[in-house]
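*Asks:* Can you read through this structure? Questions will come right after.
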């Protein structure tokens, strides 16, 4: 499995790490970058992360046999509309977006005949961003969810699966909607809660933030995540996130009732249940 | 500043680290431990953390010129009732509890004439517990809140302040109620949210927990904290915690409305505000 030209749209933490991993593993001949900020693309080229860049998306993907969308998910369909005429026959189009579901179905429906879309979500990055944090090892040992549908080209799927396996990722194949429900619960809602925890403390008294200990810092680390990424993720996955909020809110209300009633036993039961579950997923 | 005999009630992570720091700094001649579990006390003695232990609280504190309560806060007043007749004249009674406010006022009111209570809260420990995690350096560089009232004996306050300074702690003197309002917002509510985040995901589908990435793990690390400690903290500080929940819930509802309305701009504004605030408290 080898690609001639790879075009990466969005050379941030994930896009740049993808490029570095491709080079490290010798999976392609050349990598072209495209993005909004020329200074960043120039920087990426100087660091040897990409071989060239092109501010014109049509030029950037011209002749590419692998096109990777690593921009905020809100830009995917607009980008695809711009470039769909320029894509090489049999090219594989993939992405690294944190939402799949509706977005992946839209991408699939828009992908021109003879081009093969495969949706991916590498679980890596967390609160860091930008090419300075990029590393060829980012995906090594990390989970990567691949979300084919019944329409996905099997050959393209095999190529993309092999690519992530070569990066050292642990592959999980999953239905795009199931992916979105899981990540609403385990990642998207937690981000929203982290942002609102910080805002809530600041509204009470912004001087209180100076008293934060390790617990608060750990809990709100992801509130430093890129706002424009999480805005898009929230909008695309809002139905599942709202479902998760509903359930969380119900549990928070239950805990409030226990507090109001000074029901120590019920609180301890809740905490004990959570501790056992949390211990089940490991320390780090 | 030197103590002859120190009695530590509750030889867990904080109590044992306190004992180790006392020994390291040469601040006392001997340390006696008391607690519910004889095996733990025996273990602490074998490790040289304490010099002796006594299952009888009256014997344990007999002759002590410093008595430290490091048990779950719910046991403080009961313990004090048991031992108040046995305390040595001019002894200093202190604690390391995560709530002050009402509890500290109760302790103060119950403390017998000639004994001096000084409330303390070292900010250390997080999700760890037990003497195996104890270290003489636990408080070094960590914040310690001391919460004197107008009734606090100035000499006892000076002794306790010097003690924590000798441990290398950064001292903050604070009103007990202000302490509780701050820690409701910055620590107690976050613990409650972490517990309920884990429970909510598990209720949705417990298999989802296996998909947790670094963000979820960081956010829920404190859900592994000792349930009986947090039960007591929640009960004692419930008014301020309920106030914090109210504000947090309001912000969560606001975010839900933005989601329902697909108001990308408003969401990004919320996230951006939180990120700026979060960056202000540092990475770790």
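Residues checked against (1) outside any helix (DSSP H, G or I); (2) crowded, with 17+ Cβ neighbours inside 10 Å; (3) facing chain A (nearest Cβ under 7 Å); (4) at pLDDT below 95:
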| residue | (1), (2), (3), (4) |
| --- | --- |
| B:243 | no, no, no, no |
| B:247 | no, yes, yes, no |
| B:254 | no, no, no, no |
| B:262 | yes, no, yes, no |
| B:265 | no, no, no, no |
| B:282 | yes, no, no, yes |
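*Asks:* If only one of B:63, B:78, B:114 is assigned to a loop (DSSP other than H, G, I, E, B), free of Cβ contacts under 8 Å to residues at least 40 places away in the same chain and not assigned by TED's automatic domain parsing to the domain that holds residue B:226, which one is it? So that I can check it myself, show each step before the final result.
*Replies:* Numbers: B:63 fails: free of Cβ contacts under 8 Å to residues at least 40 places away in the same chain; B:78 fails: assigned to a loop (DSSP other than H, G, I, E, B).
B:114 is the lone residue from the list that is assigned to a loop (DSSP other than H, G, I, E, B), free of Cβ contacts under 8 Å to residues at least 40 places away in the same chain and not assigned by TED's automatic domain parsing to the domain that holds residue B:226.
*Asks:* Which members of region B:178-191 meet the condition of being within 26 Å of residue B:115 (Cα to Cα) and crowded, with 18+ Cβ neighbours inside 10 Å?
*Replies:* Of all residues in region B:178-191, those within 26 Å of residue B:115 (Cα to Cα) come to B:178-180.
Of everything in region B:178-191, those that are within 26 Å of residue B:115 (Cα to Cα) and crowded, with 18+ Cβ neighbours inside 10 Å turn out to be B:179, B:180.
*Asks:* If you don't mind, another one. Could you pull out the residue among B:222, B:235 that is part of a helix (DSSP H, G or I), touching a residue at least 40 places away in the same chain (Cβ under 8 Å) and surrounded by 22 or more Cβ atoms within 10 Å (Cβ to Cβ)?
*Replies:* Selected residue: B:222, the only one of B:222, B:235 that is part of a helix (DSSP H, G or I), touching a residue at least 40 places away in the same chain (Cβ under 8 Å) and surrounded by 22 or more Cβ atoms within 10 Å (Cβ to Cβ).
*Asks:* Now a separate question. What's the total number of residues in region A:1-18 that are part of a helix (DSSP H, G or I), touching a strand residue (DSSP E or B) at 6+ places or on another chain (Cβ under 9 Å) and farther than 24 Å from residue A:89 by Cβ? Give the derivation first.
*Replies:* Step one: of region A:1-18, the residues part of a helix (DSSP H, G or I) are A:13-18.
Those still in the list that are touching a strand residue (DSSP E or B) at 6+ places or on another chain (Cβ under 9 Å) too: A:14-18.
Remaining after also requiring farther than 24 Å from residue A:89 by Cβ: A:14-17.
Total satisfying the criteria: 4.
*Asks:* Also, I was wondering about something else. Please state which of the following conditions residue B:168 fails to meet, knowing it meets all the rest: (1) more than 16 Å from the chain's Cα centre (by Cα); (2) touching a residue at least 60 places away in the same chain (Cβ under 8 Å).
*Replies:* (2)
*Asks:* So how many residues does region A:136-154 have that are over 16 Å from the mean Cα position of the chain (by Cα), under 12 Å from residue A:173 (Cα atoms) and surrounded by 18 or more Cβ atoms within 10 Å (Cβ to Cβ)?
*Replies:* Of the residues in that region, 1 qualify.
*Asks:* From the list A:55, A:72, exactly one residue is in the same structural domain as residue A:132 (by TED's automatic domain parsing), exposed (fewer than 15 other Cβ atoms within 10 Å of the Cβ) and either touching a residue at least 40 places away in the same chain (Cβ under 8 Å) or out of contact with any strand residue (DSSP E or B) (no Cβ under 6 Å at 6 or more places or on another chain) (or both). Which is it?
*Replies:* A:55
*Asks:* In addition: Just the residues that are in a loop (DSSP other than H, G, I, E, B), surrounded by fewer than 17 Cβ atoms within 10 Å (Cβ to Cβ) and at pLDDT 95 or above, please, taken from region B:19-36.
*Replies:* Taking region B:19-36 as the starting set, the residues that turn out to be in a loop (DSSP other than H, G, I, E, B) are B:25-27, B:35-36.
Applying the additional criterion that residues be surrounded by fewer than 17 Cβ atoms within 10 Å (Cβ to Cβ) yields B:25-26, B:36.
Selection gives B:25, B:26.
*Asks:* Name every residue in region B:160-182 that is over 22 Å from residue B:106 (Cα atoms) and either out of contact with any strand residue (DSSP E or B) (no Cβ under 6 Å at 6 or more places or on another chain) or part of a helix (DSSP H, G or I) (or both), in order of residue number.
*Replies:* Of all residues in region B:160-182, those over 22 Å from residue B:106 (Cα atoms) come to B:162-171.
If the condition is that a residue be over 22 Å from residue B:106 (Cα atoms) and either out of contact with any strand residue (DSSP E or B) (no Cβ under 6 Å at 6 or more places or on another chain) or part of a helix (DSSP H, G or I) (or both), then B:162, B:163, B:164, B:165, B:166, B:167, B:168 are the ones that fit.
*Asks:* May I pose another question? Identify the residue in region B:79-105 that is more than 14 Å from chain A (Cβ to nearest Cβ) and surrounded by fewer than 17 Cβ atoms within 10 Å (Cβ to Cβ) and, among all such residues, is nearest to residue B:159 (Cα to Cα).
*Replies:* Across region B:79-105, the extreme among qualifying residues is B:90.
*Asks:* For region B:178-191, state whether one or more residues are closer than 21 Å to residue A:240 by Cα, more than 7 Å from chain A (Cβ to nearest Cβ) and free of Cβ contacts under 8 Å to residues at least 24 places away in the same chain. Let's see the steps before the verdict.
*Replies:* Keep residues of region B:178-191 that are closer than 21 Å to residue A:240 by Cα, which gives none.
There is no residue in region B:178-191 that is closer than 21 Å to residue A:240 by Cα, more than 7 Å from chain A (Cβ to nearest Cβ) and free of Cβ contacts under 8 Å to residues at least 24 places away in the same chain.
*Asks:* Please state which one of A:202, A:194 is within 14 Å of chain B (Cβ to nearest Cβ), closer than 30 Å to residue B:182 by Cβ, surrounded by fewer than 22 Cβ atoms within 10 Å (Cβ to Cβ) and modelled with pLDDT of 95 or more.
*Replies:* Step by step, each of A:202, A:194 is checked, and only A:202 is within 14 Å of chain B (Cβ to nearest Cβ), closer than 30 Å to residue B:182 by Cβ, surrounded by fewer than 22 Cβ atoms within 10 Å (Cβ to Cβ) and modelled with pLDDT of 95 or more.
*Asks:* Assess whether residue B:275 counts as being more than 22 Å from the chain's Cα centre (by Cα) and either under 16 Å from residue A:212 (Cβ atoms) or in the same structural domain as residue B:131 (by TED's automatic domain parsing) (or both).
*Replies:* Values: more than 22 Å from the chain's Cα centre (by Cα): yes; either under 16 Å from residue A:212 (Cβ atoms) or in the same structural domain as residue B:131 (by TED's automatic domain parsing) (or both): yes.
Considered against the rule, which asks whether it is more than 22 Å from the chain's Cα centre (by Cα) and either under 16 Å from residue A:212 (Cβ atoms) or in the same structural domain as residue B:131 (by TED's automatic domain parsing) (or both), residue B:275 comes out as yes.
The values are calculated or read from the model by the stated rules, or taken from the named source; none is laboratory data. All figures in this text were calculated on a predicted structure; none of them were measured in a lab. For neighbour counting, all protein chains shown are included, and Cβ atoms are generated from backbone atoms with ideal geometry for every residue, glycine included.
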